[in-house]
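So the structure is just underneath, and the comments pick up after that.
Read the figures in this text as sums done on the coordinates, not as results from a lab. Remember, it's a predicted structure, so these values are computed and weren't measured experimentally. All Cβ positions, glycine included, derive from the backbone under ideal geometry; neighbour counts span all protein chains shown.
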Amino acid sequence: HLIKYIFTTNNSCVDSISQTVQVKAKPIVNFTYPTGGCLPPNGLAQFNGSANLSDGQTVSSWAWNFNDPNANGGNPNTSAIQNPTHNFTANGIYNVNLTVNSSGTCVGDTTIALNLNLKPALNYPALNSVCINVGGTINVATATVTNGASGTGSYTGPGTTGAGIFTPTQAGVGT
């Protein structure tokens, strides 16, 4: 854009000068993130940032904010790389923000509200063998969730109730 300055003296003498100013576009920012809402049991999420830049600009910096109240020194709440990972240790809605600065000093950003949930980390100790002629039932409900994921569980299998009560005579011989 051409910007012109015109000056007129009190005696009607006129002069002018002009300069050109270029208006650069701000980066159009986006990122990909884990879809489906379920993270692995350890809560690791991979993010991939992208920025559409025009006018020959390049990215000068990436700035992520995961808005995770459980972040700490070993799992920081921010990152300055294009494709970071972050461990979310609790279920919740996280307003993840990515800000991109361009070489033309333009800034673009986007915030996406992510509803993230941890898949349960399960532990189920080995069960002892039993003889079919053992009378009655056996409690096999010894599985536990080890990463704090909340929800409900049930047991299934031949001769097994949802509560984890196993009846060998109903299950029959075998594994």
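Observations on the structure shown:
- Summarising the amide proton neighbourhood of Leu118: residues at separation of 5 or more, or on other chains, whose placed amide H is nearer than 5 Å comprise Leu39, Asn91.
- Residue-wise HN-Hα coupling along segment 138-148, computed from phi with Karplus coefficients 6.51, -1.76, 1.60 (Hz; x: Gly, Pro): 10, 7, 10, 7, 10, 6, 9, 9, 9, 10, x
- Sorting the segments 28-37, 158-167, 86-95 by their residues' average number of neighbouring beta-carbon atoms within 10 angstrom, most packed first, yields 86-95, 158-167, 28-37.
- Computed helical MRE - 222 nm, the chain, DSSP H runs ≥ 4 contributing -39500 (n - 2.57), nearest 500: -500 deg cm²/dmol
- Working from Cα pairs under 8 Å separated by at least six residues, relative contact order for the chain is 18 percent.
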